[in-house]
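The values are calculated or read from the model by the stated rules, or taken from the named source; none is laboratory data. Remember, predicted model here, so these are calculated numbers, not experimental data. Cβ placement follows ideal geometry from the backbone for every residue including glycine, while neighbour counts extend to all protein chains displayed. In case anyone asks, the SASA skips ligands and DNA or RNA and just uses the protein heavy atoms, side chains included. Shrake-Rupley method; radii C 1.70, N 1.55, O 1.52, S 1.80 Å.
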Amino acid sequence: QVHLVESGGGLVQAGGSLRLSCAASGRSFTDFHMGWFRQAPGKEREFVARITASGVVTVYADSVQGRFTTTRDNTENAVYLQMNSLKPEDTATYFCAAATRWSRALNEYEHWGQGTQVTVSS
């Protein structure tokens, strides 16, 4: 079992930046690949980014490619999502999640945080 807690959300103007953090506790952090997902009101939860357990490989959704960067610090048991050039359509609740299989599918992620709200004003 791993417990995940996101932080760093908030209100930002379009074009601005935010850095989300996800702190993990419990089972060994390096057992898991990590993913970021988001869910806007009335929409399904969607994949944003993922990073391998080693931190070497990252994958991004087309909608955030070139604007968002995910990294992890395995010594701090944390994963991060740096979000630049934010757009109003990035407004959503952002979740980090942990998976033992390398996948972008929501149902492969076994552990989820509670989410942090990101609101981008135009």
Does any residue in the stretch 87-105 that is within 19 Å of residue 120 (Cβ to Cβ) come within less than 6 Å, Cβ to Cβ, of a residue that is assigned to a loop (DSSP other than H, G, I, E, B) and hydroxyl-bearing (Ser, Thr, Tyr) six or more places away or on a different chain, and which pairs are these?
88/122
Whether any residue in the stretch 7-22 is more than 18 Å from residue 110 (Cα to Cα), open to solvent by less than 20 Å² (accessible area, probe 1.4 Å) and within 16 Å of the chain's Cα centre (by Cα) is what I want to check.
yes
Which residue pairs have Cβ atoms closer than 8 Å, lie 6 or more positions apart in sequence or on different chains, and pair a first residue in the stretch 9-28 that is on the phi > 0 side of the Ramachandran plot with a second residue that is loosely packed, with under 14 Cβ neighbours inside 10 Å and part of a loop (DSSP other than H, G, I, E, B)?
15/85; 26/1
Going residue by residue through the stretch 62-70, is there one that turns out to be without any contact (Cβ under 8 Å) to a residue 40 or more places away in the chain and in contact with a Gly (Cβ under 9 Å, 6 or more places away or on another chain)?
yes
Taking only the stretch 106-122 into account, find how many residues are among the hydrophobic types (A, V, I, L, M, F, W, C) and either free of Cβ contacts under 8 Å to residues at least 24 places away in the same chain or open to solvent by 60 Å² or more (accessible area, probe 1.4 Å) (or both).
2
Looking only at the stretch 45-83, filter to residues that are open to solvent by 40 Å² or more (accessible area, probe 1.4 Å), in contact with a Lys or Arg (Cβ under 8 Å, 6 or more places away or on another chain) and of a type in the set (S, T, N, Q); which one of those is nearest to residue 95 (Cα to Cα)?
82
